[in-house]
Each structure stands twice: as structure tokens, then as C-alpha cells.
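Asks: Please find one structure pasted underneath; my questions will follow.
The values are calculated or read from the model by the stated rules, or taken from the named source; none is laboratory data. No experiment lies behind these values; they were computed from the predicted model shown. Here Cβ is always computed from backbone atoms with ideal geometry, including for glycine, and neighbour counts include all displayed protein chains. Calculation scope for accessible area: heavy atoms of the full protein, side chains included, ligands and nucleic acids excluded. Shrake-Rupley method; radii C 1.70, N 1.55, O 1.52, S 1.80 Å.
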Amino acid sequence: MYEQLHQYLKVLQQERKLTTNSYQSYERDLLKFTGYLEGEGVKLWTSVHKHHTLKYMLGLKEAGLKSSTIARHVVSIRALFHYLITNDYISHDPSIYIEAPKLEKKVPQIISQEDTNRLLQVPDVATAVGIRDKAMLELLYATGIRVTELVSLNVEHIHLSLGFIQVISPSQKERFVPFGQYAKEAVEAYLEQGRAQLATKSSSEEVLFLNHLGGRMTRQGFWKILKKYAHEAGVSDEITPHTLRHSVAAHLLENGADVRAVQELLGHVDITSTMKYTAIAKSKMKEVYSNSHPRA
């Protein structure tokens, strides 16, 4: 069983070119499922039947896993059996009997424009670290890019004179994203003053944002930086880099941006991913109307 499983994982890694996080999720889910089957005395994929998959899903639910986690397991297992059938390892698909739980539609967490402005003012630009952090925060808020895309930027990806950055998404798709004057000035200051102070002999000349050791800034490193500044600015401690991305979308729509333009800016493949922010924008509009209109 493990031989076919590892063949499938190899396909995911080499042909599907999943992001590291997505691949690790598939691997973790499927190793757990295969281990369960092994514990049930199943030694061949052809011996997996309806009651095995249903019992496994029931076990996940009884273990108290979140609906989103169970839904991910369903996707992983269905994809594996699709591969096994396509490659003639099995003749029937026992995963067709399992159903993914209905997911609650969560409203994206955002911070207000006022809180965002306070957050962006916190870094101490009298230091190299502060100059770097200011540049990262301004660029993240100006563009709405993912934190993975932010820390993956190289110097060559920044086009200051044009006001654009060249972004490579986790799925290796390229897009050009504009940024404004505030971000431009912050990045210019970092390139002219801050970066050289952070660089070491082993630093790569191509990496844009360097950490305190002179290497490339990591997602985890930036997350810690963001939480520190959020605390100092009096913004929610629950803030994450993705909160800023959500906030960019909501703030743009609040101020009249076109949904399609926001979709392209954020790199959403499906416009439904962008549409969830319109509810926040409409809610804000109603609040402004109620507080401002003389006959509201």
C-alpha cells in the first residue's frame, strides 16, 4: 500500500507542483489514513471498502476535529483513490460514499484603516531594522500580496520608477502589482540605508528583505515582527500577515474599487474569493450612512 501511496505523493510533488504547505497536508492526511487501514488489517488498496472510509471519517468527527480539517481529509482521500483508479490499481472507489462536512462561511478578519495607519507608524526608522520593517509593512499593505510572496521578493522584482512589483505566487504564477508613494518611499529608504547595514558577507545580493543574520526573511520571522508592532500599536493580538491582506481587499472595496480589479490585484483565481469582502464593505457603508445621514 505504501508503495502506491509514495508514488502518488511523488506525482503531487513533481507534476502538480503544489506549495510546500499543501503537499505536507496531503502527505500528513494520507499517511494517517493508510496507518488507520493498516491497523484494520487492510494490506491492499483493493481490500478497502465503503465501511473502512465511513468508519475513518466518523473517527475524525468523534476526535473533535474542525469541519475544515475533516473536509481537507476528504479531499486528500478522494484524490488518492482517483489516482489509484486512473492507474488501474483498483476497480472501485470506496471514497464516493464519504461526504465533506458543510463549512461555515467565516467573515475574514480585518483591521480598520485607522488601526492600519497606527500600525504603519510604529517602526523606528532611525534604525536599519525599523527601516526594513517599515518597508515590509508598507509594501504588504500597498499591494495585498501574501506573506510568502513578500519574503520571496528579490531586488530585481522591485520596479520603483514604474511603481510595480513582480510577484511570483506559491503556484509559480506571475503577476505585476502596483504600489503607491508611501510604499515607494519606504522601499527606497530601505534599499539606500537599511539593507546595507543588515547585509553580511554571506548575504545574497539578490534577496530583498534580509533578517538580522543577513539571510532571507522567513514567514515566521515576519509574523513575529508583525505581532510585536500590533501590540505596540494597540491593535488586536490576533493579527496575522493574512489579516493585512484581508484588510487591503476590504479597504479597497470600501473606497469604491472594482471587484474584478481587486481580484486581479490579490491574485485570486476565483472571483468568489474576492466577493466575500463585499459584505464587509457593505456593512461599513451602512454604518457610515447610519452615523452620517441626517435622516438615517
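Asks: Could you tell me whether region 27-42 includes any residue that is free of Cβ contacts under 8 Å to residues at least 40 places away in the same chain, within 27 Å of Ile168 (Cα to Cα) and of a type in the set (Val, Ile, Thr)?
Replies: Checked region 27-42: no residue is free of Cβ contacts under 8 Å to residues at least 40 places away in the same chain, within 27 Å of Ile168 (Cα to Cα) and of a type in the set (Val, Ile, Thr).
Asks: Further question on the same structure: Name the helices (runs of 4 or more DSSP H) wholly within region 107-180 that hold at least 3 residues that are touching a helix residue (DSSP H, G or I) at 6+ places or on another chain (Cβ under 9 Å) and open to solvent by 60 Å² or more (accessible area, probe 1.4 Å)?
Replies: 113-121
Asks: May I ask you to list the residues in region 201-228 that are assigned to a loop (DSSP other than H, G, I, E, B) and open to solvent by 60 Å² or more (accessible area, probe 1.4 Å)?
Replies: Within region 201-228, Lys201, Ser202, Glu205, Glu206, His212, Leu213, Thr218 meet the criteria.
Asks: What's the number of the only condition in (1) at pLDDT below 90; (2) open to solvent by 40 Å² or more (accessible area, probe 1.4 Å); (3) within 21 Å of Ala100 (Cβ to Cβ) that Gln13 fails to meet?
Replies: Here Gln13 clears every test but (3).
Asks: Continuing with the same structure: Looking at His231, His242, His246, can you tell me which residue is at negative phi, surrounded by fewer than 18 Cβ atoms within 10 Å (Cβ to Cβ) and touching a residue at least 60 places away in the same chain (Cβ under 8 Å)?
Replies: Checking each option against the conditions leaves just His242.
Asks: Return yes when Tyr190 is among the hydroxyl-bearing types (Ser, Thr, Tyr), farther than 26 Å from Ser236 by Cα and in contact with a helix residue (DSSP H, G or I) (Cβ under 8 Å, 6 or more places away or on another chain) and no when it is not.
Replies: Yes.
Asks: Could you go through region 76-84 and let me know if any residue there is open to solvent by 50 Å² or more (accessible area, probe 1.4 Å) and either charged (D, E, K, R) or touching a residue at least 60 places away in the same chain (Cβ under 8 Å) (or both).
Replies: Within region 76-84 (the criterion being open to solvent by 50 Å² or more (accessible area, probe 1.4 Å) and either charged (D, E, K, R) or touching a residue at least 60 places away in the same chain (Cβ under 8 Å) (or both)), the answer is yes, since at least one residue qualifies.
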